[in-house]
Structures are given as structure tokens and as C-alpha cells.
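One structure is given below, encoded as C-alpha cells.
The values are calculated or read from the model by the stated rules, or taken from the named source; none is laboratory data. Given the structure is predicted, the values throughout are model-derived calculations rather than measurements. Here the Cβ positions follow ideal geometry from the backbone for every residue, glycine too, while neighbour counts run over all protein chains shown. Just so you know, the surface numbers come from the protein's heavy atoms only, side chains and all, with ligands and any DNA or RNA stripped out. Shrake-Rupley method; radii C 1.70, N 1.55, O 1.52, S 1.80 Å.
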Amino acid sequence: MNSQKKRPLTLGVDLGGTKVETALVSTEGRIISSHRHPTHPKKGAENIVEDIAICVEQCLNKGKEEAQALGIGVAAQVDQTGLVRSSPNLGWKDFPLKEMLEKRLKLPVIVTNDVRAAAIGEWHFGAGKGVDDLVVVFVGTGIGGGVISNGRLLEGCSNTAGELGHTTLLVDGRKCHCPNRGCLEAYASGWAIAERAQEAVHAQPKAGRRMVSLAGSVDDITATVISQAYHDEDPLALQLFMETAHYLSLGLVSIVNAFNPCLLILGGGVIEGLPELLKIVDGEIRMTAMKTAVEKLNVVKAALGKESGIVGAAALAQEMIK
Ligand SMILES: [Zn+2]
């Protein structure tokens with residue numbers, strides 16, 4: 001009997017400030033086994049490399065399989081050589097993650113930004129499968145994504161392309177977490193929606209009673225609370241929802257005009273909590289963007305949820321060993 005050719009499985013890793021998640025993934029994006037391990041950034045970078053290694057070893061034991069390469073998405077700015085330039089979550093600056101992991105795991109490693117890994121996951125295995133021109137925008141705590149043009153992910157000169165949340169909406173607008181003011185992220189991200197809601201409730205305490213009772217206090221109002229209140233048909237939450245839809249549409253119109261995608265995929269916690277945004281945003285983009293930019297456009301919800309980053313990182317590792 002012929003011995004079957006080994007399946008070229010790869011590992012996908014999602015590294016955050018509190019935990020690392022690892023999965024062994026097939027070429028079709030199927031998760032064969034997975035493992036999660038806590039991380040302790042305060043103990044230093046070498047310790048996190050060890051946390052990742054432990055998580056990988058557990059994951060491989062469970063699957064009783066071998067991995068050919070590893071892809072890792074990190075909440076950080078990462079250069080083309082796998083050097084983590086800066087990660088506030090992990091407290092890293094210029095940390096050679098690729099080099100350290102390759103030495104520890106004896107595997108080829110590719111390092112990327114976590115949001116970019118998630119965009120690649122949606123492109124290869126999720127809502128963007130088979131499409132060559134698409135934009136993925138994740139509206140979560142922040143806003144980020146990825147642009148795929150003519151079957152190629154845009155990386156940019158220093159590997160930071162895809163910072164779609166920092167499209168300017170308003171001159172001298174709300175302060176963003178980047179050096180600019182008035183960014184899309186400063187209006188429609190999870191943190192900005194919460195800030196806008198808290199300001200609205202301070203200005204109109206009576207109208208904000210429902211949200212305060214859900215949150216416990218004005219300062220504890222989050223995007224999740226607004227989503228709950230919106231689904232309870234609270235008028236102030238409805239107003240905040242409509243404003244958010246408008247801001248999001250304005251930002252996305254610029255993105256659609258700039259890249260002319262066939263497909264715009266929207267995902268992330270804010271979209272998951274308020275899926276009703278999708279239809280309104282779709283309508284507003286069609287009214288406001290250039291006709292030629294939207295005539296073939298489809299706007300859809302991301303399909304993979306939290307798995308997108310891990311399978312996207314594994315797909316990058318697949319490409320590396322092809
Ligand atoms: Zn910004």
C-alpha cells in the first residue's frame with residue numbers, strides 16, 4: 001500500500017495581551033485541533049515566547065500531527081522581517097519574534113498584524129473566498145482591515161497598509177488614538193461609540209436612564225450596552241445607532257471609491273452586536289459613492305467570527321511553504 005502523502009498542515013496563532021490561541025489548520029482552513037494558554041506580558045518577552053511554545057506543543061499533541069510552518073497574528077505593528085516594531089498590549093518595542101520562535105520551535109515562522117491575519121482568513125476561507133478584489137473592515141474596539149487588489153494583499157512601503165480606521169471624516173474632529181483628529185475610528189469604533197454615548201447621557205440624563213441602568217453608571221456605558229438598549233428600542237440608543245451608521249458609511253464611501261472592491265466585508269464586535277448596521281450602511285454607500293465604484297459592489301457580513309485571525313495566520317504559513 002502506498003504511504004499517503006503527509007497533509008501540509010500549518011499552525012495559526014493569535015497572540016493578545018492576555019492569552020495566546022493556537023490551532024492546527026488544514027489547507028482548506030479546517031481547524032483540526034486548538035489550544036489556548038494565558039500570557040503574562042509583565043514577565044517579559046522571552047516568557048511569552050515560552051507561553052506560545054507550550055501552547056503549540058499542546059496543540060500538536062492533541063492532533064497527533066506535525067505542522068510544516070507557523071503563522072502568527074499579533075496586535076502590533078510588524079515589519080516584513082517579522083520584527084514586532086511596537087505593541088502597546090504586550091509592551092514590546094523592536095522584538096524579533098520570528099527569529100525567537102523559529103529558534104525555539106524549529107519551524108518556519110511568519111509574523112503579521114492580527115487584523116491583517118483576520119482579513120486574510122476571511123479572504124481565503126470566509127466571506128471573501130474566490131474573490132480577487134475585496135476590502136475587509138473590522139469594526140471592533142478599533143477599526144482596521146485589509147485590502148486585496150487583483151488577488152494580492154496590499155502591504156505598503158513599510159508593511160502598514162490597511163489602517164482603514166484612520167480615514168479622516170471631519171476637519172478638527174474628535175481626538176483619535178493616532179496623532180490625527182476626526183478619524184473614522186474616533187467616531188464609529190467600539191471605544192468611540194462608548195465615548196459618544198457617555199457624552200450624550202451626561203448631556204441628557206433623562207434620555208440616558210435605560211443605558212445607565214444597563215451599564216451601572218454613565219462611565220461604564222460600552223458599545224455592547226448601546227446594542228442592548230437599541231434592541232430594547234431605547235430612543236437615545238437608536239439615535240446613537242443612526243449616527244454611527246452615518247459615520248461608518250462616510251468612511252466606507254472613501255474606501256470604496258479608493259479601491260473599487262467587488263466585495264466589502266464588514267466584521268468585528270460592533271457589527272456582530274449591531275448587524276442591522278449592514279443594511280443601512282450598504283444603502284448609504286450606494287447613494288453616496290461614485291456610481292462606477294459601486295455598480296458591482298456587494299456588502300456582506302464576515303463569516304468566520306473569532307476564528308478568522310487564526311485560520312488567516314495559518315494560510316500565510318501555507319503560502320510560505322508552497
Ligand atoms: Zn486615527
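Points worth noting:
- Taking the longest Cα principal axis of the chain as reference, the axis of helix 308-321 is set at about 40 degrees.
- Expected-Rg normalisation [2.2 N^0.38 Å, Cα atoms] applied to the chain: 1.05
- Residue ranges 273-286, 207-220 sort as 273-286, 207-220 when ordered by packing (mean number of other C-beta atoms within 10 Å per residue, highest first).
- ³J(HN,Hα), Karplus 6.51/-1.76/1.60, whole Hz, each residue of the stretch 124-137, x for Gly, Pro: 6, 10, x, 5, x, 3, x, 9, 9, 10, 8, 10, 10, 10
- Where GLU122, GLU46 fall by accessible area, highest first, once all protein chains stay in place (1.4 Å): GLU46, GLU122
- Apportionment of accessible area to carbon and sulfur, the stretch 223-285, percent (1.4 Å): 58
- Dipole-positive endmost among VAL253, VAL270, VAL294 within the stretch 244-301 (Cβ charges, Cα centre): VAL294
- On Cα atoms only, tilt of 235-259 relative to the major axis of the chain in degrees: 60
- Sequence of MET100, MET242 from largest to smallest accessible area, 1.4 Å probe: MET242, MET100
- Normalised by residue number, the volume inside the convex hull of the Cα atoms of the stretch 85-192 is 137 Å³ per residue.
- Heavy-atom accessible area ranking, 1.4 Å probe, most first, across VAL139, VAL115: VAL115, VAL139
- Remark: the stretch 162-175, residue by residue, has Karplus-estimated 3J(HN,Hα) of x, 7, 6, x, 9, 6, 6, 9, 9, 5, 6, x, 4, 5 Hz, where x stands for each Gly or Pro and the curve is 6.51 cos²θ - 1.76 cosθ + 1.60 at θ = phi - 60°.
- Cα convex hull of the stretch 1-159, projected area averaged across orientations, nm²: 10.5
- Cα-based convex hull volume of the stretch 230-322 per residue, rounded to whole Å³: 109
- In the chain, helical runs assigned H by DSSP with n ≥ 4 each contribute -39500 (n - 2.57); averaged across all residues and rounded to the nearest 500, the mean residue ellipticity at 222 nm is -12500 deg cm²/dmol.
- Nearby lysines by direct alpha-carbon distance to LYS322 (threshold 24 angstrom, same-chain neighbours under 8 apart not counted): LYS5, LYS6, LYS64, LYS98, LYS103, LYS106, LYS129
- The chain, relative contact order in percent, only Cα pairs under 8 angstrom and at least six apart counted: 21
- Antiparallel DSSP beta bridges within the chain, as percent of all bridges there, nearest 5: 60
- Relative contact order for the stretch 6-62, counting Cα pairs under 8 Å that sit 6 or more residues apart, in percent: 30
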